[in-house]
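No value in this document is a laboratory result; all are computed from the given coordinates. All of these numbers come straight from a predicted model, not from anything done at the bench.
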Amino acid sequence: MNINDFVILSGSKTGTSVRLKAKTVGELQLEKARLETENKEIEKKLRQLQLNMSREKEERKKSSAYHWKSGQAGPMTIQARVLSQIKENNNKV
């Protein structure tokens, strides 16, 4: 046995030694590399998404001064008439 095959885990008053297996360390290194690669890919996708969203936002600002365009002109509903009358009355006061 080699002393380098053991590590002392903190958190134990007496200090517990655990034998490290080369296979486990290798697996951990592979998992670390895989997670780093996934992290870089996700960060790249996030930057692309942010770029696309900011571009779309700028296009919406340039295309119209209005926040919302929808519907068609037509006769007002009763609720719309009442609301417009209330608004007019409030403006007069």
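Considering every Cα-Cα pair within region 23-63, what fraction, in whole percent, is farther apart than 12 Å? Working shown, then result.
On the way: 561 of 820 pairs.
The proportion of pairs with Cα distances above 12 Å equals 68 percent.
If I stretch the segment between Gln29 and Leu49 completely, what's the gain in nm (0.36 nm per residue apart, minus their alpha carbon distance), one decimal?
Fully extending the segment from Gln29 to Leu49 adds 4.2 nm.
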